[in-house]
């Protein structure tokens, strides 16, 4: 838990050139990540069910408080890899069943959610090194490949190949550029 959070802080430091204390006091994304990392570590632990449920009650309260203060919803049941970066706070909704890989960046207004019907209903699986631009919606039982870029204001409801950029509503592949310049 703390190891992943240290990696999150290290990534924030790369972008801001600021010390950890200032980042912890000023970055709402780190507040949300801190609550998520603690809550998720309890959720995935091997402790007895009764104890886990009791410990998750304050976690839920903390999570809801963070949602109200920052507009960032990171449910403890979601899977978020190390070095996660939230570029700007506000309007960020991640489904509890979402899976997000390592070293990913998301911007304000991003939704990663459920969509589809019957056997096509589900939640996205986001690969490693993915950049998701402001106000993008990624929804449904889809896979976003490693190194992908999802442009701002895009609606992604179909798989995104690795190392490609998609843009638009609905999102379509616009080129083979990867996320190297964004992450």
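The values are calculated or read from the model by the stated rules, or taken from the named source; none is laboratory data. The model shown is predicted, which means the values in this text are computed figures rather than measured ones. A quick note on method: Cβ atoms are made from the backbone with ideal geometry, for glycine too, and the neighbour counts reach across all protein chains shown.
Condition check: in contact with a strand residue (DSSP E or B) (Cβ under 9 Å, 6 or more places away or on another chain), in the same structural domain as residue 157 (by TED's automatic domain parsing) and either closer than 20 Å to residue 12 by Cα or not in a strand (DSSP E or B) (or both). Does residue 103 satisfy that? Let's see the steps before the verdict.
Working: in contact with a strand residue (DSSP E or B) (Cβ under 9 Å, 6 or more places away or on another chain): yes; in the same structural domain as residue 157 (by TED's automatic domain parsing): yes; either closer than 20 Å to residue 12 by Cα or not in a strand (DSSP E or B) (or both): yes.
Against the criterion (in contact with a strand residue (DSSP E or B) (Cβ under 9 Å, 6 or more places away or on another chain), in the same structural domain as residue 157 (by TED's automatic domain parsing) and either closer than 20 Å to residue 12 by Cα or not in a strand (DSSP E or B) (or both)), residue 103 qualifies.
Scanning the stretch 147-179 for residues that are surrounded by fewer than 19 Cβ atoms within 10 Å (Cβ to Cβ) and in contact (Cβ under 8 Å) with a residue 40 or more places away in the chain, we see that the one that is farthest from residue 117 (Cα to Cα) is 152.
When the stretch 88-112 is filtered for residues that are without any contact (Cβ under 8 Å) to a residue 60 or more places away in the chain and within 21 Å of residue 147 (Cβ to Cβ), the ones remaining, listed by number, are 94, 98, 99, 100, 101, 102, 106, 107, 110, 112.
Against the list (1) in contact with a helix residue (DSSP H, G or I) (Cβ under 7 Å, 6 or more places away or on another chain); (2) surrounded by 14 or more Cβ atoms within 10 Å (Cβ to Cβ), the condition residue 109 fails is (1). Residues satisfying the criterion are present in the stretch 116-126 (criterion: touching a strand residue (DSSP E or B) at 6+ places or on another chain (Cβ under 8 Å) and modelled with pLDDT under 95). Condition (residue is outside the structural domain of residue 167 (by TED's automatic domain parsing) and assigned to a loop (DSSP other than H, G, I, E, B)) applied to the stretch 35-44: is it met by at least one residue? Yes. The single condition from (1) touching a helix residue (DSSP H, G or I) at 6+ places or on another chain (Cβ under 6 Å); (2) in a helix (DSSP H, G or I); (3) crowded, with 18+ Cβ neighbours inside 10 Å; (4) modelled with pLDDT of 95 or more that residue 55 fails is (3). Total residues in the stretch 110-141 satisfying the condition of being farther than 18 Å from residue 178 by Cβ and assigned to a loop (DSSP other than H, G, I, E, B): the figure is 11.
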